[in-house]
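One structure is given below, encoded as structure tokens.
The values are calculated or read from the model by the stated rules, or taken from the named source; none is laboratory data. In this text, all values refer to a predicted model and were calculated from it rather than measured experimentally. Note that each Cβ is placed from the backbone with ideal geometry, even for glycine, and that neighbours are counted across all protein chains shown.
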Amino acid sequence: MNPQMPELPKSSSTSGNRPLVALMFRRATEEDLLQETAEHLSDVWLAPYWVKLSARQVRWQQIASELQQNGVRIVVAFGGAVDSDAAKIAARTMLPVLALPPVGRGRPLSRIAAGMHTSKEGAPVGMLALGTAGARNAALFSAAILALNDRLIAAALRDYREQQTSQVLASRLA
């Protein structure tokens with residue numbers, strides 16, 4: 001694993017608050033996207049709660065209970081955890097669940113699209129874009145949801161977006 005990534009599955013917080021966003025994954029091959037999402041979460045004063053799923057049996061109800069007990073408010077499932085894992089956790093919790101489809105490893109887009117249909121009615125999962133764009137959007141979408149009820153996160157997100165807008169305008173004028 002990347003030395004910058006915290007030990008898993010422990011939580012971390014750059015703001016001193018409990019992590020509100022769980023990053024759920026199965027494979028270390030998702031490391032770049034996980035790190036990208038964690039970095040953008042920190043831009044809006046959020047830190048991830050890491051959930052590394054076992055390659056074997058997963059106790060879904062136990063994971064759902066642990067997430068809620070630890071104050072997690074949103075779950076983001078990555079890559080190998082998307083196909084059915086996102087739907088399984090969504091079926092066991094009231095938390096919003098977002099999914100970032102797997103990229104590469106020889107998976108055709110048709111197989112990725114098929115994985116999007118594993119979510120059952122009543123267990124909603126929000127599907128995000130592929131790759132780095134999806135990783136960034138996972139952090140920003142999570143922050144936007146949390147900002148609805150948290151003025152500090154709302155202010156941090158507003159500052160982040162204003163900074164991004166300024167950078168885009170400056171690069172266009174240069």
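Specify the residue that is nearest to Ala155 (Cα to Cα); the eligible residues are those in segment 51-73 that are aliphatic (A, V, I, L, M) and part of a loop (DSSP other than H, G, I, E, B).
Out of the qualifying residues, it is Val72.
Starting from residues that are out of contact with any helix residue (DSSP H, G or I) (no Cβ under 7 Å at 6 or more places or on another chain) and more than 20 Å from Asp150 (Cβ to Cβ), keep the ones in segment 5-28 and report whichever is modelled with the highest pLDDT. Steps first, please.
Kept after step one, since they are out of contact with any helix residue (DSSP H, G or I) (no Cβ under 7 Å at 6 or more places or on another chain), are these residues of segment 5-28: 6-13, 15-19, 28.
Within this subset, residues satisfying the condition of being more than 20 Å from Asp150 (Cβ to Cβ) are 6-10, 28.
Details: Pro6: 38, Glu7: 37, Leu8: 33, Pro9: 34, Lys10: 37, Ala28: 73.
The qualifying residue modelled with the highest pLDDT is Ala28.
Do you know which of the residues in segment 25-52 that are in contact with a Phe, Trp or Tyr (Cβ under 7 Å, 6 or more places away or on another chain) and within 20 Å of Pro101 (Cβ to Cβ) is surrounded by the most Cβ atoms within 10 Å (Cβ to Cβ)?
Top of the filtered list is Leu34.
Across segment 129-162, what is the total count of residues that are exposed (fewer than 13 other Cβ atoms within 10 Å of the Cβ) and closer than 13 Å to Thr37 by Cβ?
Of the residues in that region, 1 qualify.
Scan segment 156-172 residue by residue and report those that are under 18 Å from Ser142 (Cα atoms) and polar (S, T, N, Q).
Once the filter is applied, which keeps residues that are under 18 Å from Ser142 (Cα atoms) and polar (S, T, N, Q), segment 156-172 yields only Gln164.
With respect to the numbered conditions (1) part of a helix (DSSP H, G or I); (2) β-branched (Val, Ile, Thr); (3) at pLDDT 90 or above, which one is the sole condition not fulfilled by Val76?
(1)
Inspect segment 39-50 for any residue being touching a helix residue (DSSP H, G or I) at 6+ places or on another chain (Cβ under 8 Å), among the hydroxyl-bearing types (Ser, Thr, Tyr), within 15 Å of Ser142 (Cβ to Cβ) and assigned to a strand (DSSP E or B) and give the result as yes or no.
Yes, segment 39-50 has at least one match.
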